[in-house]
Structures are given as C-alpha cells and as structure tokens.
Amino acid sequence: MAPITIAVVGATGSQGGAVVTELLKYPERYRVRGLTRDVNKPAAQLLSAKGVEVVSADLSGGSSALVSAFAGASIIFGLTDFWASRSSTVEVQQGKSLVDAAAATSTLTHFVWSALPDPVALSNGKYLNVHHWKGKSEVTEYINETYPALWAKTTTILFPNYFENCLTNPASYLPKNVSGTYVHSFLHSPTTVLPNVAIADTGKLVRAVIEDGQQYYTKTIAFYAQSLSEAEKLKTLGEVLNVPTKYNQISAAEFQQGLVKNCPMTEENALDFTEQLLIFETFGNVYARDEFIQAADIPGISLTTWKEFVQGHDLLGKINHPN
Ligand SMILES: NC(=O)c1ccc[n+]([C@@H]2O[C@H](COP(=O)([O-])OP(=O)(O)OC[C@H]3O[C@@H](n4cnc5c(N)ncnc54)[C@H](OP(=O)(O)O)[C@@H]3O)[C@@H](O)[C@H]2O)c1
C-alpha cells in the first residue's frame, strides 16, 4: 500500500516534533508533512533535510490557508500553542480555523487533536481562570457540536506536565543554595500528584492511536506515564544524581508572584498557571478519571519513566553551567 500523508501542526515544536520523529521511522507507511510559520527557520530546515515536506502555514491566517496545507492528508495532528500569544481568544480562534480546515479535508480519515480538559467542569466550577485549558476544551466542544462527521473520526489527547519542563530553565527549577543543596520550591503538598510524561514519547502514542484508528475515534486519551508528586520527583532526582535535595512547599500566592517576577508572566497568566496546579491539589489526579482512556494502558506503548528521564539528561550540567 502507498504511504499515507500525515500533516503535523507544530512540527518544529515539542509535541509535533516528537510525532514527526516517530513517523519518519516508517517511510513505507507515512509521508510526513510539517507545518510551520517560517519554512526558513533552522528547525524547519532540519525537518526538510530529514525528508519532511515542510509547508508554510499560520493558524492565525484563517482556515483557507490551512485547507491547502492539509490537502491530500489522511491524518492531521493538530495543536494550538497558547503560550505563543498568551491569549485564550487567539487560541480559540486558531483552534476553530484548524478544525474548519480539517473538516474541509475530504481525504481525512483521522483527526488527532491535542487538548486539555475543561477546568470548570473538572473542578465543579471552582477554578474559573485556567484559560489555557478552557480554550482548548472549547475547541474540542466546537468539533463535537459543529462537525459531527469530523468528531466521528477525532481522537482527543489530553497532555500532562512534561518531564522536559525542568530543562526550560533548569537553574530556576532547581536552584542550589549556599550549602550546596538543590531546592525545589513548589505550591503542592508533598503528596499531591501530577500526571507526567516525557513529551518526546508523544510519537509513540500518536502512532499507536492512528494505527488502531477506529478504536479511538471520539475517545479522549489521558497521556501520562506516571502520576508523581514534585517532592517524589525531587527525591528520585537526588538519588539518581547523588546530590542533596530539599522540597520547599510555598503558598499558592507566593508561587503565583514568583511567576510574575521571574518568568515573567502577566498577573492573569500567572493566575491561570497557578489554578491549573490547584486543580490537582484540590481534586487529585483528575487525568485518572474513568471517562478517559489511559495512555499507559494502551498495549505496546512503553513510556519513559522519570528515573529514566533524569538518567538520560544532564540536568546538573545545565543548572551549574547554563550556557
Ligand atoms: N509544557 C507543558 O507541560 C504542557 C502541558 C500540556 C499542554 N501543553 C500545551 O502544549 C502547547 C504547546 O505545544 P508544544 O509544547 O509542542 O510547543 P512548542 O514546543 O513551544 O512549539 C510550539 C509549536 O507551535 C507552532 N505554532 C505556534 N504558533 C503557531 C501559529 N500561529 N501557526 C502555526 N504554528 C504555530 C510552532 O511552529 P513555528 O514556530 O515553526 O511556526 C511550534 O512548532 C501549548 O498550547 C500548551 O498549553 C503544554
């Protein structure tokens, strides 16, 4: 059988890049098309060199430009990047354009949608400011309500905390104090767990989902390898790297102000980020609820553990020698 085309939104980024990396291993099955706003950027050129068909597309450009980027695709992996605009209004508009274009793609057999759950529904109306979840969940609802035929071939994947987040700014994730102890300050109690995954494993899940297509149509998959507290992660890290560590629980207000001061985030974005974490503090691991398929239970998928992740990355080198 001739290879089918998969169009990957966010191909130069973490999620989409991992999908591309996995599917390129199977050229007899997949032709990979990667979308980017800038085909000349190094990450896009690297994809080209690896055999990806790189096409120019901006989610803010409306659905008609996306229709041509999706032309002939059997599968679309779609995402929106809240943090690029830090605006839920922009994210929802982009998501709807993406969905409109997917619905107009006559060759499409499977739409894989990267999302987050509805924070208001999950928290029984308690947390109303988690805009970067809410916008994605509104797009999920839009698919379901506006395009029943597209919904019938859609799989929604809920993404968790990435292990890789500790690499974004290692010295701020785990600063070393004057006595040489690595201190992780976080708002959760030591026993509050978060769903976590190595985002580099996204391709493993997406390949399993598209290869078993129909079974996952209309389903929502909670994607995480382990449900872990930040205190537990820190303990493992200390053991693997043989360094002293200390978990420092801080208040939600202190955490939120730290985001404003150090990231820096706007007050609104810092509240959004903080409340998403409070959902887990208040309601436990909401990703483990029965309404979601658990990615870790899908046969044949072996997801990286936190211990393996720490063993495989030079976190201390990055903390102590940031440049
Ligand atoms: N970090 C976490 O722990 C976490 C957890 C759950 C969910 N998420 C969600 O993950 C999403 C980000 O995905 P990621 O981690 O893969 O991001 P990433 O590594 O920062 O990459 C962002 C990707 O989005 C593309 N992009 C951004 N704006 C675009 C636009 N207007 N048109 C077309 N493409 C655009 C970029 O492509 P070009 O720059 O090449 O155009 C890039 O490939 C966010 O919405 C976030 O809420 C993150």
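Computed from the coordinates by the stated procedures, all read-outs in this text should not be read as laboratory data. Because the structure is a prediction, the values reported are computed rather than measured. All Cβ positions, even for glycine, are placed from backbone atoms using ideal geometry, and neighbour counts span all protein chains on display.
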- Compute the long axis of helix 88-103 from its Cα atoms, compare it with the longest principal axis of the Cα atoms of the chain, and write down the angle in degrees, 0 to 90, nearest 10. 30
- With 32 Å as the limit, write out which pairs from LYS126/LYS204; LYS153/LYS235; LYS204/LYS318; LYS25/LYS219; LYS176/LYS307; LYS41/LYS233 have Cα-Cα distances beyond it, or answer none. LYS126/LYS204; LYS153/LYS235; LYS41/LYS233
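Going by how many other beta carbons lie within 10 Å of each one, how would you line up TRP151, TRP83, fewest first? Don't skip to the end; give the middle numbers.
Values: TRP151 21, TRP83 10.
The most exposed by this proxy come first: TRP83, TRP151.
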- Using alpha carbons only, how many degrees (0 to 90, rounded to 10) separate the axis of helix 14-23 from the longest principal axis of the chain? 50
- Item | Built amide H within the under 5 Å cut-off of SER229, gap 5+ | LEU194
- Let me know the shape class of the range 56-139, please: from the alpha-carbon gyration tensor, a ≥ b ≥ c as square roots of the eigenvalues, rounded when a/c is under 1.5, otherwise prolate if a/b is greater than b/c, or oblate. prolate
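Given a cut-off of under 8 Å on Cα pairs at least six residues apart, what relative contact order in percent is computed for the range 65-216?
On the way: 182 pairs, mean separation 32.2, N = 152.
Relative contact order for the range 65-216 comes out at 21 percent.
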- Query: Distance in nm between label sites at SER85 and GLN215, each 7 Å beyond Cα in the beta-carbon direction?
  - Reply: 3.6
- Message: Of SER64, VAL90, VAL39, which is farthest towards the positive pole of the range 30-108's charge dipole, taken about the Cα centre with +1 and -1 on the beta-carbons of Lys, Arg and Asp, Glu respectively?
- Response: VAL39
- Message: Could you tell me the extents of the chain's C-alpha atoms along the three principal axes, largest first, rounded to whole Å?
- Response: 61, 44, 38
- Query: Hey, if you put +1 on the Cβ of every Lys and Arg and -1 on every Asp and Glu Cβ in the chain, which of SER137, ASN262, THR155 ends up farthest toward the positive end of that dipole?
  - Reply: ASN262
- Query: For the Cα atoms of the chain, what angle does the longest principal axis make with the long axis of helix 252-262, in degrees from 0 to 90, nearest 10?
  - Reply: 70
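What fraction, in whole percent, of alpha-carbon pairs in the range 219-286 exceed 19 Å separation?
Working: 1172 of 2278 pairs.
Of the Cα pairs, 51 percent sit more than 19 Å apart.
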- If ILE157, ILE298, ILE250 are placed from fewest to most neighbouring beta carbons inside 10 Å, the sequence is ILE250, ILE298, ILE157
